[in-house]
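Notes to accompany the following structure.
The values are calculated or read from the model by the stated rules, or taken from the named source; none is laboratory data. If you're wondering where the values come from, they're calculated on a predicted model, not measured in any experiment. Note: ideal-geometry Cβ built from the backbone for every residue, glycine included; neighbour counts use all protein chains shown. Remember, those area values only see protein heavy atoms, side chains included, never the ligands or the DNA or RNA. Shrake-Rupley method; radii C 1.70, N 1.55, O 1.52, S 1.80 Å.
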Amino acid sequence: MERKGILIVISGFSGAGKGTLVRALMERHDNYVLSVSMTTRAPRPGEREGVEYFFTDREHFEETVAREGLIEYAEYCGNYYGTPRDYVERQLLSGRDVILEIEMQGALKVKEKFPQSLLLFVTPPGAQELRRRLEGRGTESPEVIARRMARAVEESQGIEAYDYVVINDLLEQCVEEVHSIVEAARRAPGRQKAFIGKIREELKEIAKGVQE
Ligand code: ADP
Ligand code: 5GP
């Protein structure tokens, strides 16, 4: 069956503001749903089971991979993260646009499996601002922040694999920019097959009438 919704992958350096952006996008527009990932990382203070993540251990995660319960998964800074399959497929079929907030290796796997997915890379306007945001969030130790900044150097090499680069400077502006990109993607011919078929038939009918 045709998937009606758009599968949107949002990646970006840790601290770029992906979570903030996605929350604001969903508050302003009701066409989006967010996929909740499974992870072996420990919950941060305030994180709730089934809301930010489904928290689990390595054994259960590996079992889920083995029964193909995940669309993609990756190891990031020592923990597994993966996208549960059922929810995403159900929502796309029902016409909702599904957001995956995932890192780069996972994003590339999604593009391989679903070539029509839309890959967005979110970045702050500069590296100093990235560090300020990571430090300002206050959720990671200085060591973890250093690892994430080092990881950002590597990730910056992969940006060209994405369809769009989105600079998250002014949040409100960034939200509307992302929404415009999604709306534009809906206009691609691959997503307008029913309309294209209809107008072709109508044109043929009218042209026949003119000839007769
Ligand atoms: P990510 O999900 O990419 O790791 P977060 O959404 O947690 O990033 O944002 C990291 C920090 O940056 C948070 O403290 C957040 O409030 C802040 N932040 C997010 N977007 C902006 C923005 N446009 N301008 C300034 N600060 C921002
Ligand atoms: P955090 O520990 O900060 O919540 O997430 C670390 C990284 O893992 C982020 O870049 C986040 O986007 C990514 N991530 C979260 N869920 C998934 C997932 O299901 N799959 C993949 N590949 N990455 C994920």
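How high is the relative contact order of segment 63-168? Use alpha-carbon pairs under 8 Å, at least six apart in sequence, and give a whole percent.
Numbers: 81 pairs, mean separation 26.3, N = 106.
25 percent.
Would you work out which of LEU171, GLN192, GLN105 lies farthest towards the positive end of the dipole of the chain? Charges go on Cβ: Lys and Arg +1, Asp and Glu -1.
Highest projection toward the positive end goes to GLN192.
Output the antiparallel fraction of DSSP beta bridges having both residues in the chain, as a percent to the nearest 5. Could you put the intermediate results ahead of the total?
Details: 8 of 28 bridges.
Among the beta bridges of the chain, antiparallel pairing accounts for roughly 30 percent.
Find the accessible area per residue for segment 61-183; the probe is 1.4 Å, ligands and nucleic acids are left out, and the unit is Å². Don't jump to the answer; show the numbers that get you there.
Values: 6410 Å² over 123 residues.
About 52 Å² of surface per residue is accessible.
In segment 1-146, if the dipole is taken from +1 on Lys/Arg beta carbons and -1 on Asp/Glu beta carbons about the Cα centre, which of ILE6, THR39, VAL88 is farthest to the positive end?
About the Cα centre, the residue reaching furthest to the positive side is ILE6.
Check each of the GluC sites (Glu not before Pro) in segment 15-77 and keep only those in coil by DSSP with at most 11 other C-beta atoms within 10 angstrom; list them in order.
Numbers: sites: GLU27, GLU47, GLU49, GLU52, GLU59, GLU62, GLU63, GLU68, GLU72, GLU75; in loops: GLU47, GLU52, GLU68.
Loop-located and lightly packed - GLU68.
Determine the dipole magnitude for segment 106-212: charges of +1 sit on the beta-carbon of Lys and Arg, -1 on that of Asp and Glu, nothing else is charged, the reference point is the Cα centre, and the result goes in debye to the nearest 20.
On the way: 18 positive and 18 negative charges, 84 e Å.
It comes to approximately 400 debye.
Would you work out the charge dipole size for segment 1-59 about its Cα centre, treating the Cβ of every Lys and Arg as +1 and the Cβ of every Asp and Glu as -1, and quote it to the nearest 20 debye?
200
Taking every alpha carbon pair in segment 26-139, what does the distance histogram look like in 10 angstrom bins from 0, in percent?
Taking all Cα pairs of segment 26-139, the binned fractions are 12, 38, 37, 12, 0 percent.
Kirkwood hydrodynamic radius for segment 1-61: how many Å is it when counted over pairs of different Cα atoms? Walk me through the numbers on the way to the answer.
Details: mean 1/r = 0.0727 Å⁻¹.
Radius from the Kirkwood sum: 13.8 Å.
Percent relative contact order of the chain, based on C-alpha pairs within less than 8 angstrom and at least six residues apart? Let's see the in-between values first.
Working: 291 pairs, mean separation 62.1, N = 212.
The value is 29 percent.
Please give the charge dipole size of the chain, origin at the Cα centre, charges +1 on K and R Cβ atoms and -1 on D and E Cβ atoms. Round to the nearest 20 debye. Intermediate results must be reported in sequence, preceding the final value.
On the way: 31 positive and 36 negative charges, 73 e Å.
In debye, rounded to 20, the chain gives about 360.
Under the rule of -39500 (n - 2.57) per DSSP H run of 4 or more residues, summed and divided by the residues of the chain, what mean residue ellipticity at 222 nm is obtained, to the nearest 500 deg cm²/dmol?
Details: 8 runs with 99 residues, N = 212.
Counting only the DSSP helices, I get -14500 deg cm²/dmol.
Roughly to the nearest percent, how much of the accessible area of segment 13-162 is carbon and sulfur, given a 1.4 Å probe?
Exposed carbon and sulfur together represent 52 percent of the surface.
For segment 153-212 and segment 122-143, what is the centre-to-centre distance using only Cα atoms, to the nearest Å?
Each part reduced to its Cα centre gives a spacing of 32 Å.
For segment 146-212, run through the trypsin sites (Lys or Arg not before Pro) and keep only the ones in DSSP coil with at most 12 other Cβ atoms within 10 Å of their Cβ.
Working: sites: ARG147, ARG148, ARG151, ARG186, ARG187, ARG191, LYS193, LYS198, ARG200, LYS204, LYS208; in loops: ARG187.
Passing both the DSSP loop test and the Cβ count: ARG187.
For the chain, report the convex hull volume of the alpha-carbon atoms normalised per residue, in Å³, without decimals. Write down the numbers at each step before the final one.
Numbers: hull volume 31.3 nm³, N = 212.
Value for the chain: 148 Å³ per residue.
Let me know the volume per residue of the alpha-carbon convex hull for segment 94-212, in Å³.
Working: hull volume 18.9 nm³, N = 119.
That works out to 159 Å³ per residue.
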